[in-house]
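Report on the structure given below.
No lab work stands behind these numbers, since they all come straight from the coordinates. Small disclaimer: the values here were computed from a predicted structure and weren't measured. Don't worry about glycine lacking a Cβ; one is built from the backbone with ideal geometry, like all the others, and counts go over all protein chains shown.
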Amino acid sequence: MKIRSIEARPILDSRGLWTIEVALTLANGVRAVASVPQGKSTGSSEAVALPADAAARAVNRIIAKSTSGKTFASQAAFDARLIALDGTPDKSKLGANAVLAASIAFLRASSVARHRQLWREIWSELSDSNSAVHPALQPRRPHLRLFMNMVNGGLHAGNNLRFQEYLAIPKTDSIRNAIDIGTRLYRELGDELARRRGPGARNIGDEGGYAPDFADDLEPFRIMRAAVRRLKLGAAFDYGLDAAATDIRTPEQKIGGRDVIVRQYESLTRTSDFIYLEDPFDENAFDRFAEFASRIRLRRPSGRPLWISGDDLTTTNVGRMERAYAAGSVNAVIIKPNQIGSVTEALDAVRAARRYGWGVIVSHRSGETNDDFIADFAWGVGADGLKLGAPARGERIAKYNRLLEIAAA
Ligand code: PGA
Ligand code: ZN
């Protein structure tokens with residue numbers, strides 16, 4: 001793939017904050033555009049995003065100069081050039097946002113030039129650039145589950161919930177059915193909240209989930225289950241929580257010498273349809289994760305999986321993932337390409353997770369653009385789960401709609 005030009009400019013994300021968009025044109029005239037999201041409850045080990053103007057300058061001056069007119073044999077070769085140009089361990093020179101936008105634009109242009117779906121390009125990158133493909137890397141698309149955000153708290157909302165994301169996970173192999181029952185639950189939950197708390201309870205947070213005040217941190221699950229019963233959808237959902245514990249502002253409370261928060265996790269994980277717990281502890285608490293993970297397994301109803309997942313703990317960084325593996329901290333991991341800053345490194349993280357036997361959950365960020373790359377990425381790597389927020393707000397809907405398109409093809 002020979003590059004003719006690459007250009008960046010600042011655009012707005014879903015919170016009205018500046019991020020960047022990159023347009024890359026190949027010598028054959030194929031042009032592709034990519035933009036990158038931004039988190040709010042970011043992990044401190046994430047690669048560094050520069051302010052959008054500085055990131056755009058890095059693309060227009062440094063990246064453009066070193067890639068225009070050049071031919072790159074593969075995504076890995078292109079990303080290796082960007083990583084070398086940056087030269088820092090955290091992409092703080094060029095900006096992880098600049099590097100990732102360029103990386104995705106190149107991948108997208110390659111897929112168009114090869115007349116291949118973007119997810120196929122990702123799948124082939126994942127398999128080709130690895131000499132020995134692990135058996136667990138076979139496509140597992142029928143198993144992709146949607147972790148749909150229903151209620152927002154923490155840094156993503158102005159309410160009193162300490163936890164960040166209350167997730168409903170439809171139990172069906174069909175993406176279309178999952179989206180269908182997920183959207184029905186979302187609407188019914190809005191009605192249920194409005195009946196109980198008045199119309200203002202329908203207000204939503206950064207990821208589109210409802211964001212009123214609640215009686216306590218676990219009440220959203222009780223109301224969600226009531227909405228499911230009202231819909232007569234019985235056992236159609238599993239549930240999950242992203243505690244985003246690093247950003248919990250209230251000091252830890254104890255009752256009878258035991259942490260309130262740990263008791264809340266224990267009560268959640270006692271029911272067999274609660275299957276996913278993300279970032280239950282601070283982003284550097286590898287051992288606390290491990291202690292909890294081993295203890296909770298003993299109390300778990302038999303036969304039901306429970307994923308304890310790292311996000312701020314692992315930051316899509318193979319070094320931190322290795323540490324979590326050695327400590328026994330998690331059995332699943334969030335993959336967010338912008339935490340690490342290139343397609344190639346995000347694929348490395350997926351490979352590491354599979355070697356460890358972990359669940360792979362691909363995720364958007366709370367500050368998104370309408371770029372739907374993440375849907376192709378999740379499908380292409382054969383992820384177990386995908387977090388796209390609530391089925392609300394254009395920047396989330398764009399991704400649900402892309403997923404419907406991929407699944408229907
Ligand atoms: P963020 O949150 O995009 O604001 O970092 C998402 C998450 O914690 O999963
Ligand atoms: Zn998270």
- Query: How high is the FRET efficiency between S302 and R15 when r is their beta carbon distance and R₀ equals 41 Å, given to the nearest 0.05?
  - Reply: 0.40
- Per-residue Cβ contact counts at 10 Å, fewest first, order K387, K399, K70 as K70, K399, K387
- Message: Whole angstrom only: what separates the Cα centroid of the stretch 248-284 from the Cα centroid of the stretch 47-116?
- Response: 40
- Message: Semi-axes of the equivalent ellipsoid for the stretch 232-298, please: Cα gyration tensor eigenvalues, times 5, square-rooted, ordered largest first, whole Å.
- Response: 23, 13, 13
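Calculate, for S74 and R355, the FRET efficiency according to 1/(1 + (r/R0)^6) with r their C-beta to C-beta distance and R0 25 Å; round to the nearest 0.05.
Rounded to the nearest 0.05, the efficiency is 0.70.
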- Query: Using the alpha-carbon atoms, what tilt in degrees (0 to 90, nearest 10) does helix 260-269 show relative to the longest principal axis of the chain?
  - Reply: 90
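Multiply the residue gap between T88 and E266 by 0.36 nm, knock off their C-alpha separation, and tell me the result in nm, one decimal place.
60.0 nm
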- Note on the structure: For the chain, longest principal axis from Cα atoms; helix 286-299 axis from its Cα atoms; angle between them, nearest 10 degrees, is 50
- Dipole check, the stretch 135-408, charges on Cβ (K,R +1; D,E -1), about Cα centroid: among A346, G209, L155 the Cα furthest to the positive pole belongs to G209
- Item | Stretch gain in nm, segment A215-I255, where the contour uses 0.36 nm per residue and the Cα spacing is subtracted | 12.6 nm
- Message: What does the charge count around L268 come to, taking other residues whose C-beta lies under 15 Å from its C-beta (Lys +1, Arg +1, Asp -1, Glu -1)?
- Response: -1
- Task: Could you work out the Kirkwood radius for the stretch 284-409, taking every pair of different alpha carbons, averaging 1/r and inverting it, reported in Å?
- Result: 15.3
- Message: Could you check the spin-label model distance between V48 and A194? Points 7 Å from the Cα along Cα→Cβ, value in nm.
- Response: 4.7
- Most exposed first, judged by fewest Cβ atoms within 10 angstrom, H115, H143 run H115, H143
- Message: If you average 1/r across every pair of different Cα atoms in the stretch 3-115 and take the reciprocal, what Kirkwood value do you get, in Å?
- Response: 14.0
- Query: Mind checking the angle between helix 75-86 and the chain's longest principal axis? C-alpha axes, 0 to 90 degrees, to the nearest 10.
  - Reply: 90
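Ratio of Rg to Rh for the chain, alpha carbon only, Kirkwood?
0.97
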- Between the stretch 173-210 and the stretch 338-392, what is the C-alpha centre distance in whole Å? 24
- Message: To make sure I understand, if each residue's beta carbon is the centre and we count other beta carbons within 10 Å, what order do M224, M1 fall in, fewest to most?
- Response: M1, M224
- Note on the structure: Asserting the computed 222 nm helical MRE of the chain (DSSP H runs at least 4 long, -39500 (n - 2.57) per run, divided by residue count, to nearest 500) equals -12000 deg cm²/dmol
